[in-house]
1. Return the distance in nm (one decimal) between the two label points of a simple spin-label model at residue 247 and residue 203, each offset 7 Å from Cα along Cα→Cβ.
2. List the residues whose amide H sits under 5 Å from the amide H of residue 213, counting only those 5 or more places along or on another chain, with H placed 1.01 Å from N in the peptide plane.
3. What is the packing order of peptides 151-158, 115-122, 139-146, taking the mean over residues of other C-beta atoms within 10 Å and listing the highest first?
4. Given axes a ≥ b ≥ c from the Cα gyration tensor, I'd like to know whether the stretch 78-140 is rounded (a/c under 1.5), prolate (a/b larger than b/c) or oblate.
5. Give, as ranges by residue number, the residues of the stretch 154-175 whose backbone N falls under 20 Å from the point 7 Å along Cα→Cβ of residue 147.
Amino acid sequence: QAHKIKKKLKELNRIDEIKDLTFGDVLEMKIVNEAPNFKRFIEDNESLFEYAKELSFEELSKVYLDKEKLVSDNKDFLIKHLYKIQDLVFYYEQNDINNFIRNSNYKISSVEDKIKLKDLINDINDFKNKSISEVIDFADENKLIIKDDLIKQFIIENSYLFHRLKDIKFEQIINLYRFEQDFTPYSTQHGIKGAEFNNVFVILDNGKWNKYNFKYLFENTTGKESIIERTRKMFYVSCSRAKDNLIVYYNNPSNEVLNKAKDWFKEENVIKIE
């Protein structure tokens, strides 16, 4: 919503009117209509919305949430910091105490330090039930992974982003870490390009993508040819990874989707799952 407001103000040559105003102040100006998805966001995130209203509109309008920062090589400092903590969780699960100590900021100089470390390791077992902010604070307070200048600066400069993420369960970071490290049987189409497997289970989900659309692929739906071609290539790469058995799952398919599936895979291979 902030980006839409800023764009509209520029078009009206009124951008100077919002200087030094908060997001809440600008919303009261009713520059643009509230989109349905913005209203739903407010309903689902009431406390976050109240927090955002007190922030500088100019700073908030610069916030851009890029999901690629979670899984790309160019991870932001927050994810990098959380992964350092998750490394310790991994070493704990593998009972690799040497690497645990080597990769943490914890120093052992006495018997008491060893005893305390044992208790801390036991606490780590409950990390998945704690929030991201709780885990970061716990790791810092107990000198497992301290908050260095980079993560401190990141939190200061990205206060809205951190406020939005801080209450997420650390379990989600654990799952993301395991996925990236190939500790799960799942992968993306891009992650398995060139590989082959005896058995492949392809899950087709349009989600909120704008570069792919399986509806266009299976139905005679008018769409951008570039999206159809891109989706066709993705589907081919995914299905061609199977050496022995291939299962393709499509949730709630229309009759057109079913007919296309029967044409491609033969009718006897199209099965309804109850």
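1. Once both label points are built, they end up 1.2 nm from each other.
2. Those qualifying (amide H under 5 Å, at least 5 residues apart or on another chain) are 231.
3. Numbers: 151-158: 15.2, 115-122: 13.6, 139-146: 18.4.
Top of the packing list down: 139-146, 151-158, 115-122.
4. Values: a/c = 1.65, a/b = 1.51, b/c = 1.09.
The shape class here is prolate.
5. 154-171, 173
Bear in mind these aren't lab numbers, they're just calculated from the coordinates by the rules spelled out. Bear in mind the structure is a predicted one, so any value in this text is a computation, not a measurement. We place every Cβ from the backbone using ideal geometry, glycine too, and count neighbours over all the protein chains shown.
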